[in-house]
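I have placed the structure first, in the form of structure tokens, so that the comments after it can refer back to it.
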Amino acid sequence: MGKKTKKPGKGKEKTERKTAKADEKRARRETKKLAPEDDIDAILLSIQKEEAKKKEVHVDENVPAPSPRANCTLNINPLKETELIIYGGEFYNGSRTFVYGDLYRYDVDKQQWKLVSSPNSPPPRSAHQAVAWKNYLYIFGGEFTSPNQERFHHYKDFWMLDFRTNQWEQLNLKGCPSPRSGHRMVLYKHKIILFGGFYDTLREVRYYNDLFVFDLDNFKWQEIKPKLGAMWPSARSGFQFFVNQDQVYLYGGYSKEISSDKSSSEKGIVHADLWTLDPRTWEWNKVKRIGMPPAPRAGFSMCVHKKRALLFGGVVDMEMEGDLMMSIFLNEMYGFQLDNHRW
């Protein structure tokens, strides 16, 4: 059989269609009618005015549990290991999105919640990160989403909560990471390690693979840049980051890449790679997939128990025709042996 030849002009037509589709999608987001209740700047200004009215810390005892939410943070209080601290998050009711800035403290023994209201609190946010160390909770970044989910404000502010007084303080320090959400932070000894995340500029979405370290002793940020030829994870958000002894592990996540053709269309990527970071040398190493590893996913949870890391849940987003996206939520559990790196 002779070699089949492509019909002339087909490749060009396909590229033009993809370009028009991408431009139409961006234009639709930018020109969509903005209702007063979806004006992020106005919403945040109103919240700021309400916060300014607070003069003292107020704690409501034995309150109902927090409302349903996602992308909040949950930390153990280092001063009291039977107390959990929950902050922020968001809730979508099928038509509108609500973003929270409330702080709850939960006593595991008594099974009671406290709602804390403090002056000079951070603005509401979700997809931020929080690390607890000694007497304090440290929060960086996150996002505020308009009720119609069409506009985003990404934070680059850094906050510190004193567990003893329930007072917040904003840390205005040089060298901090750029605005982002979906990043991850872990605590290693006296350092906070931050990696990745994304930033939605409306015209485009940027994903990051930068690495920052905050020294809790001298209160200084430092960016760790890759050495020439060094291995390094690709940009992503929604991954998991955890510490075991002198190794930091990174797994999974989500990102988008721009096609190399003229259409500049975006393609979602769900990751399934596993990396280790040595915080003594800042060297990354990619770990082979051994045993029965999980399928690609983002937005899952992981924790360490003895010599094993446990993974649960996650989501896989698949882009359909037009602007449609189908999300598959998972309820699987996996175990990862930390001594031999086997799933």
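Let me spell it out: the conditions are (1) modelled with pLDDT of 95 or more; (2) under 29 Å from G268 (Cβ atoms); (3) out of contact with any Asp or Glu (no Cβ under 6 Å at 6 or more places or on another chain), and R17 meets all of them except one. Which number is the exception?
(1)
Say whether the condition of being within 23 Å of the chain's Cα centre (by Cα), small (G, A, S), at pLDDT 95 or above and surrounded by 13 or more Cβ atoms within 10 Å (Cβ to Cβ) is met by at least one residue in segment 265-280.
Residues of segment 265-280 within 23 Å of the chain's Cα centre (by Cα): 266-279.
Next cut, small (G, A, S) only: 268, 272.
Imposing the further condition that a residue be at pLDDT 95 or above reduces the set to 272.
Subset that is surrounded by 13 or more Cβ atoms within 10 Å (Cβ to Cβ): 272.
Yes - at least one qualifying residue is present in segment 265-280.
Any idea how many residues of segment 159-190 are part of a strand (DSSP E or B), touching a residue at least 40 places away in the same chain (Cβ under 8 Å), under 29 Å from V304 (Cα atoms) and not basic (K, R)? Can you show your working first?
First, pick out the residues of segment 159-190 that are part of a strand (DSSP E or B): 159-162, 167-170, 181, 184-188.
Going one step further and asking which of them are touching a residue at least 40 places away in the same chain (Cβ under 8 Å), we end up with 161, 167-170, 181, 184-188.
This time we only want the ones that are under 29 Å from V304 (Cα atoms), so: 161, 181, 184-188.
Within this subset, residues satisfying the condition of being not basic (K, R) are 161, 181, 185-188.
Result for segment 159-190: 6.
Any residue at all in segment 191-209 that is more than 15 Å from the chain's Cα centre (by Cα), closer than 23 Å to C72 by Cβ and in a strand (DSSP E or B)? Spell out the reasoning first.
Step one: of segment 191-209, the residues more than 15 Å from the chain's Cα centre (by Cα) are 191-192, 201-204.
Next, only the ones that are closer than 23 Å to C72 by Cβ stay: 192.
Filter once more, so that each one left must be in a strand (DSSP E or B): 192.
Yes, segment 191-209 contains at least one residue that is more than 15 Å from the chain's Cα centre (by Cα), closer than 23 Å to C72 by Cβ and in a strand (DSSP E or B).
When both residues are 6+ apart or on different chains and their Cβ atoms are under 6 Å apart, which pairs have a first residue that lies in segment 278-304 and is touching a residue at least 40 places away in the same chain (Cβ under 8 Å), and a second that is among the charged types (D, E, K, R) and surrounded by 12 or more Cβ atoms within 10 Å (Cβ to Cβ)?
I290/R342; G291/R342
Please give the number of the condition M318 fails out of (1) assigned to a loop (DSSP other than H, G, I, E, B); (2) modelled with pLDDT under 95; (3) within 20 Å of G197 (Cα to Cα).
Failing condition for M318: (1).
Give all pairs with beta carbons closer than 9 Å in which a residue from segment 223-250 that is at pLDDT 95 or above meets a residue that is loosely packed, with under 13 Cβ neighbours inside 10 Å and part of a loop (DSSP other than H, G, I, E, B); count only pairs at least 6 apart in sequence or on separate chains.
Listed pairs, sorted by first residue: E223/G175; N244/K307; D246/R280.
Return the only residue of S121, S117, S126, S95 being modelled with pLDDT under 95, over 17 Å from L187 (Cβ atoms) and of a type in the set (G, A, S). Before you say what the answer is, go through the steps one by one.
Working: S121 fails: modelled with pLDDT under 95; S117 fails: modelled with pLDDT under 95; S126 fails: modelled with pLDDT under 95.
Matching residue, one of S121, S117, S126, S95: S95.
Across segment 60-98, what is the number of residues that are within 18 Å of N148 (Cβ to Cβ), among the basic types (K, R) and outside any loop (DSSP other than H, G, I, E, B)? Don't jump to the end; show me each part of the working.
To start, the set of residues in segment 60-98 that are within 18 Å of N148 (Cβ to Cβ) comprises 70-71, 90-98.
Then keep just the ones that are among the basic types (K, R); that gives 96.
From the residues that got through so far, the ones that are outside any loop (DSSP other than H, G, I, E, B) too are none.
Residues flagged as within 18 Å of N148 (Cβ to Cβ), among the basic types (K, R) and outside any loop (DSSP other than H, G, I, E, B) within segment 60-98 amount to 0.
Give the residue, chosen from D217, D162, D200, that is of a type in the set (D, E), in contact with a Phe, Trp or Tyr (Cβ under 8 Å, 6 or more places away or on another chain) and surrounded by fewer than 16 Cβ atoms within 10 Å (Cβ to Cβ).
Numbers: D217 fails: in contact with a Phe, Trp or Tyr (Cβ under 8 Å, 6 or more places away or on another chain); D200 fails: surrounded by fewer than 16 Cβ atoms within 10 Å (Cβ to Cβ).
Result: D162 is the single residue among D217, D162, D200 that is of a type in the set (D, E), in contact with a Phe, Trp or Tyr (Cβ under 8 Å, 6 or more places away or on another chain) and surrounded by fewer than 16 Cβ atoms within 10 Å (Cβ to Cβ).
The values are calculated or read from the model by the stated rules, or taken from the named source; none is laboratory data. Just so you know, these numbers come straight off a predicted model, no measurement behind them. Every residue, glycine as well, gets a Cβ built from its backbone with ideal geometry; the counts of neighbours run over all protein chains shown.
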